[in-house]
Each structure stands twice: as C-alpha cells, then as structure tokens.
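Structure first, commentary second.
The values are calculated or read from the model by the stated rules, or taken from the named source; none is laboratory data. As the structure is a prediction and not an experimental result, all values here were calculated from the model. Every residue, glycine as well, gets a Cβ built from its backbone with ideal geometry; the counts of neighbours run over all protein chains shown. When the accessible area is computed, the model is the full protein with side chains, heavy atoms only, and any ligands, DNA or RNA have been set aside. Shrake-Rupley method; radii C 1.70, N 1.55, O 1.52, S 1.80 Å.
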Amino acid sequence: MIELRGVSKVYGQGRQEVPALRNVSLRVEYGEVFGVLGQSGAGKSTLIRCLNLLERPTTGEVRVDGRDMLSLGPDELRVARQGIGMIFQHFNLFSSRTVAGNVAFPLEVAGCSRVHIRERVAELLELVGLSDKANAYPAQLSGGQKQRVGIARALAPRPRVLLSDEATSALDPETTRSVLGLLRDINRQLGLTILLITHQMEVVKSICDSVAVLERGRVVEQGKVVDLIARPSTRLHELCYPTSSTRNGVVSQGGRRVELSLVGEHSTRPILTTLARRFGVDAWLLEGSMERVGETRVGRLLFELTGPREAVDGALGFLREQGLTLEAPHV
Ligand SMILES: Nc1ncnc2c1ncn2[C@@H]1O[C@H](COP(=O)(O)OP(=O)(O)OP(=O)(O)O)[C@@H](O)[C@H]1O
C-alpha cells in the first residue's frame, strides 16, 4: 500500500547540508495501522511529508496505493493527494468556518454538489460523534473535539490512506485514548490504511499493528509491534521497558537470570509455579509487568532460577520448548 525504497532527504546545500532521512525503506500493508516512532529531530515529519510529496526526497522511490508518486505530473499528483488524507497535531482547522464548514471544505474544493456535501458532512459528523456540534466554531470545541473535526475533514474525500502527524500529542491521556479508539474504529470499519508518526510509545502500543523505529534519519527496526516488544533484544522492547533492571542489575539471588516475554495465551499460565513443581527450582521474581499491546496481552518477567544445575538447565529447556521468547542476560 505504501512503500518507501532507499529514500534519503537532505535539506540545504554544501556546508549547510542537513541529512534528515538516510536510505529509509519501509512497507505498509493494506488496512494496517503503521506507526513511525522517533524522538524529536529523528526525521518523522520529513518522512510523512515525503509521502504526499509536500517534500521531494533527494533520492529513492515513493509508492502509495500502487502509484509511483515521483513520476506523477501536477494534475495526477493532485488526484493522488485526494486519496491521501492527513490530520495534524494542532488540528489546522479554519477558525472562521463552523464544524460543518470545515468538514465540507475539501468537498467544495472537489466541486461536489450542495446536496451531496450536506449528506456527506452529516454522515461524517455522525461517524466522529459530533452531530450536535455542526454549527459550532472551532474555538468552542475541546482539543479532542477539534481533532475529531480534523478526522472527519480528512475522511470527506474518501481517502485510501490517512496520514497522522502527531495527532494526539497535544491531547491529555484520556482524550488521546478516545481519539486513538476512533482511529482504530475507522481503520476497521472503512479498511483505511493509517500511517502515523509519533514520539509516544503508548500510541504505538495501543493502536499500531506494525512499527518502524526512526533514529537520526534511519529506520533501525521494523516489524509487528507485538513481535518486537516481546523480543528482549529489540530497540522497541528497550524503549517499552526503559527502566529494565537486566542492564542495571538488581539484587541478585546468585541464580541464572532469565527475562521472559509471555504473549497471548502464554500470559495466562502459571509459569513460575510450573517451573517450581516440575523441576524443583526456585524462581525469584525481580520484575514483572502485564499489559495490552493492541488486543494482545503481553507479559514480561525478569527472574532468577536457583537450584541444582541440571534442574535449572531442565527448566530453561522447558521454557524454550514452550516457544517462549527467552533471554538469559549475563548475571
Ligand atoms: N526545511 C528544513 N530545512 C533544513 N533543515 C530541516 C528542515 N526541516 C527539518 N530539518 C531538519 O531535519 C531533521 C529532521 O527534522 P524533522 O522535522 O523531520 O524531525 P521530527 O522527527 O519530525 O522532529 P519533531 O518531532 O521535533 O517535529 C532535523 O535535524 C531538522 O532540523
């Protein structure tokens, strides 16, 4: 659906050159919610702007919905952009237009009839839960409501792709959750592909199917969110559990230290009790957490096993056989 191949973007010239993207390749499948996670200055805005060609890459290829974006002439590009909706951190609403007027705007630009516009606007306001605010002005709305108007406006021309530029960064945690929930519903109901850029791990955990981690203009990691979070050696895991004691060292029981990720069904089993019963080892819990990543429960346990060497080896072998993601950091 969206593909970047070897995309680089350098701003400025000569000694003023700033490389914002370095050889970025990524692939977003149809119907996915794909997150690009990165700190300030990582190149996220540049990346999203290279997708709809608000910024032209210095080198590389950009494909959106089967179109080679860099080969399009001005008219074709205008049509292609109608298939790409966008929402923004600061909403970018017209303050002099009502909610309905804001949502109607792209339809007016596209030359749609008044009747069609009226019907479509009503339908969209219902979708985002703002039917009762049609005649309000942006200044009379909360941040979350403003972003809902932004979403309705972006969806008006029935885009195939929605780009979200830090859409929840200016919102409080509860409003963030409700706007993310709306995006997830829209993704499911309309089969809309969503690419969002964010610096918030919570956003990735709550709605993204896949993620690319961007650091200093490079994609350092890319894949399914659950798979990456569950593997202790990944950057996403490290970002997700920043205070992990595996590296800092906690009070040791002198045993074999194990870090375990429990995904889905595995997270519901009494794993430590099983080890104790079956192998006669003691499991000393050092750290643990259980949370939702999208709709999957993902648990993380850090513990030490003590007991006779063969028993500990047996317990570790058992964990491996169970297909549990297992890492035994050096003690
Ligand atoms: N128009 C420009 N001219 C020169 N340098 C730029 C321009 N736009 C961005 N940059 C530089 O490119 C790099 C990436 O910037 P970009 O805005 O893409 O990052 P970002 O991850 O979106 O950051 P933030 O989250 O702070 O918006 C930064 O070093 C930035 O200073």
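Anything in the stretch 74-111 that is of a type in the set (D, E, K, R), in a helix (DSSP H, G or I) and farther than 24 Å from I2 by Cβ? List them, or say none. Passing the criteria: only E108.
Within the stretch 113-131, the set of residues being buried (at least 17 other Cβ atoms within 10 Å of the Cβ) and not in a helix (DSSP H, G or I) comprises V128, L130. Do we have N52 as at pLDDT 95 or above and either within 29 Å of T234 (Cβ to Cβ) or of a type outside the set (V, I, T) (or both) here? For N52, the condition - at pLDDT 95 or above and either within 29 Å of T234 (Cβ to Cβ) or of a type outside the set (V, I, T) (or both) - is not met. Once the stretch 50-62 is narrowed to residues that are buried (at least 20 other Cβ atoms within 10 Å of the Cβ) and closer than 17 Å to F88 by Cβ, the residue that is farthest from the ligand (Cβ to nearest atom) is L51. Here V149 qualifies as in a helix (DSSP H, G or I), more than 30 Å from P308 (Cβ to Cβ), more than 16 Å from the ligand (Cβ to nearest atom) and at pLDDT 90 or above. Within the stretch 1-15, can you find the residues that are of a type in the set (V, I, T), touching a helix residue (DSSP H, G or I) at 6+ places or on another chain (Cβ under 9 Å) and within 14 Å of the ligand (Cβ to nearest atom)? Result: V7, single match. In this structure, does R309 turn out to be modelled with pLDDT of 85 or more and open to solvent by 40 Å² or more (accessible area, probe 1.4 Å)? Yes; evaluated as a whole, the condition is true for this residue. Name the residues in the stretch 16-49 that are more than 13 Å from the ligand (Cβ to nearest atom) and either open to solvent by 10 Å² or more (accessible area, probe 1.4 Å) or of a type in the set (D, E) (or both), would you? If the condition is that a residue be more than 13 Å from the ligand (Cβ to nearest atom) and either open to solvent by 10 Å² or more (accessible area, probe 1.4 Å) or of a type in the set (D, E) (or both), then N23, S25, R27, E29, Y30, G31, E32 are the ones that fit.
In the stretch 188-207, how many are open to solvent by 10 Å² or more (accessible area, probe 1.4 Å) and either more than 16 Å from the ligand (Cβ to nearest atom) or part of a helix (DSSP H, G or I) (or both)? Of the residues in the stretch 188-207, 8 are open to solvent by 10 Å² or more (accessible area, probe 1.4 Å) and either more than 16 Å from the ligand (Cβ to nearest atom) or part of a helix (DSSP H, G or I) (or both). Looking only at the stretch 68-91, decide whether some residue is within 16 Å of the ligand (Cβ to nearest atom), more than 25 Å from V128 (Cα to Cα) and either touching a residue at least 12 places away in the same chain (Cβ under 8 Å) or open to solvent by 40 Å² or more (accessible area, probe 1.4 Å) (or both). Taking every residue of the stretch 68-91 in turn, none turns out to be within 16 Å of the ligand (Cβ to nearest atom), more than 25 Å from V128 (Cα to Cα) and either touching a residue at least 12 places away in the same chain (Cβ under 8 Å) or open to solvent by 40 Å² or more (accessible area, probe 1.4 Å) (or both). Within the stretch 265-276, residues that are open to solvent by less than 40 Å² (accessible area, probe 1.4 Å) reach partners that are aliphatic (A, V, I, L, M) and part of a helix (DSSP H, G or I) with beta carbons closer than 8 Å, at six or more positions or on different chains, in the pairs I271/L319; L275/A315; L275/L319.
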